[in-house]
Amino acid sequence: MPSHYVHTACQDASTRAKSFLRLKKLGLAERKYPEIRRISIWLDDHLWKPNGLTSIKIATHKGWEIVKFEPHKQYWKYINRGWKLANETRIKLDKRNRQLVIYLIFIREVEKYKPKGYLPIDVNENNIAMLIDGVAHLLETSMEKLVLGYYYRRRKIQKKYDKLYGAKSRIKRKALRKLKEKRKKQDIKWKLANIIVKVAYEKQYAIVLVKLGKKPANNMIKKIKDKQLRHRIFQASFRGIQKTIEEKAREYGVPVIYVNPKNTSRICPIHNAPITYSNGSRIGRCSKGGELWHRDVVACWNILLKALRGNGSHAPSPAGYNLDATRMLFGSNATHDPIGIPKSLWARWKSLPQTQKTTVLNRMKR
Ligand SMILES: [Zn+2]
């Protein structure tokens, strides 16, 4: 075989060993020694070459061998958007289906632009609020319902099959897989991230997120006593959504800024006075000015102000743009009535439609 196979095999083995040692140090390794169950072959630039768009050449003991492949639909997206193939690739023999699976790696250089403005995002239990040029939009997510729903369904399956077949049965795993929980949650996150990042990209704005502490879902989970469930909710919700937004932003070169989450929904951005919410209501009253505020809208304005004042982690504070924000607030009537967009609607969007305001309101009225 060409000697580079030995080389890449050694590289592969040492990466695996390194990650095993790291896990062991953290006490996360289950076994004494690393065990390899899935084998794939790494090919460096001496072992493979692209050959047109739907085949590659692979170096073998008999010389170059041409392998035609059937691309995944995602492949054309990357090709058409100008991504380049990396030098390395990976192949795997799928014995059961008698297939050769080729993993191609795409790379693209993206330059972050200088933001012309900010798009503040507030991630809540059941919606994502964003403030586009003074108009608040609430994308309904029903994350709480989704996470809890899956949790209970999963537990029901577990109980049923554990009783019948024991804790480690194959049939249980199959039933759990059928829920497609991970994929469905991921799907929602990608759709949200896509809409948000595209708004920011079109306006050449920076996305402003709240810096999450160690327990970001505290409010949502404080009623839940079950430890495992709390953990899952924490995992599934806020951080996951923020991470997906970040990743999508990287793809488009959209800068992401973080601000301190302290008091974002509690202080009136106009009067700098506390807002009081009566028993669990999402509408509160400013204790100084007496005006009404929607909780998520306040949060967005405060996140924006924090970004403008530059007290985020690395937020720039552009001169001149700085602090007429309060006047901006007074001038805007839209502050108090956010545009609510139900999930059934945005889930079918690729980006926020241009005429979204009128269409959404009309449809919601209907
Ligand atoms: Zn006020």
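Mind telling me which of the residues SER14, SER40, SER55, SER19 ends up being small (Gly, Ala, Ser), assigned by TED's automatic domain parsing to the domain that holds LYS95 and in contact (Cβ under 8 Å) with a residue 40 or more places away in the chain? Write out each step before concluding.
Values: SER14 fails: in contact (Cβ under 8 Å) with a residue 40 or more places away in the chain; SER55 fails: in contact (Cβ under 8 Å) with a residue 40 or more places away in the chain; SER19 fails: in contact (Cβ under 8 Å) with a residue 40 or more places away in the chain.
Within the list SER14, SER40, SER55, SER19, the selection yields SER40.
Quick one: would you say GLU125 is among the charged types (D, E, K, R), under 27 Å from LEU176 (Cα atoms) and not in a helix (DSSP H, G or I)?
Numbers: among the charged types (D, E, K, R): yes; under 27 Å from LEU176 (Cα atoms): yes; not in a helix (DSSP H, G or I): yes.
Here the answer is yes, as GLU125 does meet what is asked.
What residue, among those in the stretch 269-285 that are part of a loop (DSSP other than H, G, I, E, B) and near the ligand (Cβ under 9 Å from one of its atoms), is surrounded by the fewest Cβ atoms within 10 Å (Cβ to Cβ)? Spell out how you get there, then give the answer.
In the first step, residues of the stretch 269-285 are kept if they are part of a loop (DSSP other than H, G, I, E, B); the result is 269-273, 278-282.
Right, trim to near the ligand (Cβ under 9 Å from one of its atoms) and you get 269-273.
Numbers: PRO269: 24, ILE270: 19, HIS271: 15, ASN272: 11, ALA273: 13.
The residue in question is ASN272.
Counting only residues that are of a type in the set (Ser, Thr, Tyr) and surrounded by fewer than 19 Cβ atoms within 10 Å (Cβ to Cβ), which one in the stretch 165-215 is farthest from VAL259 (Cα to Cα)?
To start, the set of residues in the stretch 165-215 that are of a type in the set (Ser, Thr, Tyr) comprises 165, 169, 201, 205.
When the remaining residues are screened for being surrounded by fewer than 19 Cβ atoms within 10 Å (Cβ to Cβ), the result is 165, 169.
On the way: TYR165: 50, SER169: 46 Å.
Only one residue fits best here, namely TYR165.
Cβ-Cβ distance below 6 Å, separation of 6 or more or different chains: which pairs start in the stretch 278-302 with a residue that is touching a residue at least 12 places away in the same chain (Cβ under 8 Å) and end on one that is acidic (Asp, Glu) and more than 9 Å from the ligand (Cβ to nearest atom)?
Taking only residues 6 or more apart or on different chains, the pairs are ASP296/ASP122; ALA299/ASP122; CYS300/ASP122.
Looking at (1) of a type in the set (Lys, Arg); (2) in a helix (DSSP H, G or I); (3) over 21 Å from ILE245 (Cβ atoms), which one does LYS168 not meet, given that it meets all the others?
For LYS168, the exception is condition (2).
Looking at (1) touching a residue at least 60 places away in the same chain (Cβ under 8 Å); (2) away from the ligand (no atom under 16 Å from the Cβ); (3) in contact with a helix residue (DSSP H, G or I) (Cβ under 8 Å, 6 or more places away or on another chain), which is the only condition VAL256 fails?
(1) is the only condition that VAL256 fails.
Being surrounded by 14 or more Cβ atoms within 10 Å (Cβ to Cβ) and within 16 Å of the ligand (Cβ to nearest atom) is the requirement here; does ARG266 meet it?
Yes.
Restricting to the stretch 58-80, count the residues that are touching a helix residue (DSSP H, G or I) at 6+ places or on another chain (Cβ under 9 Å) and either among the basic types (Lys, Arg) or without any contact (Cβ under 8 Å) to a residue 24 or more places away in the chain (or both).
1
Select from the stretch 304-323 the residues that are surrounded by 16 or more Cβ atoms within 10 Å (Cβ to Cβ) and modelled with pLDDT of 80 or more and write down the one among them that is nearest to the ligand (Cβ to nearest atom).
Of the stretch 304-323, the ones surrounded by 16 or more Cβ atoms within 10 Å (Cβ to Cβ) are 304-308, 312, 315.
Going one step further and asking which of them are modelled with pLDDT of 80 or more, we end up with 304-308.
Details: LEU304: 16, LEU305: 13, LYS306: 17, ALA307: 20, LEU308: 18 Å.
This residue is LEU305.
Which residues, counting only those in the stretch 286-303, are within 16 Å of the ligand (Cβ to nearest atom), aliphatic (A, V, I, L, M) and either closer than 19 Å to LEU212 by Cα or part of a loop (DSSP other than H, G, I, E, B) (or both)?
Within the stretch 286-303, VAL297, VAL298, ALA299 qualify.
When you go through LYS357, LYS365 one by one, which is the residue that is at pLDDT below 50 and either more than 28 Å from LYS262 (Cβ to Cβ) or among the acidic types (Asp, Glu) (or both)?
Numbers: LYS357 fails: at pLDDT below 50.
Answer to the check: LYS365.
Test each condition in (1) surrounded by 11 or more Cβ atoms within 10 Å (Cβ to Cβ); (2) in contact with a Lys or Arg (Cβ under 9 Å, 6 or more places away or on another chain); (3) among the charged types (D, E, K, R) for ARG16 and report the one that comes out false.
Of everything listed in (1) surrounded by 11 or more Cβ atoms within 10 Å (Cβ to Cβ); (2) in contact with a Lys or Arg (Cβ under 9 Å, 6 or more places away or on another chain); (3) among the charged types (D, E, K, R), ARG16 misses just condition (2).
Tally time: how many residues in the stretch 22-43 are outside any loop (DSSP other than H, G, I, E, B) and under 29 Å from the mean Cα position of the chain (by Cα)? Break it down into steps so the answer makes sense when it comes.
Let us first name the residues in the stretch 22-43 that are outside any loop (DSSP other than H, G, I, E, B), namely 22-25, 41-43.
Then drop every residue that is not under 29 Å from the mean Cα position of the chain (by Cα), which leaves 22-25, 42.
Matching residues across the stretch 22-43 total 5.
Quick one: LYS32 ticks every box in (1) under 22 Å from MET1 (Cα atoms); (2) free of Cβ contacts under 8 Å to residues at least 12 places away in the same chain except a single one, so which number is it?
(1)
The values are calculated or read from the model by the stated rules, or taken from the named source; none is laboratory data. Just so it is clear, the structure is predicted and the values come from calculations on it, not from any experiment. So basically every Cβ, Gly included, is an ideal-geometry build from the backbone, and we count neighbours across all protein chains shown.
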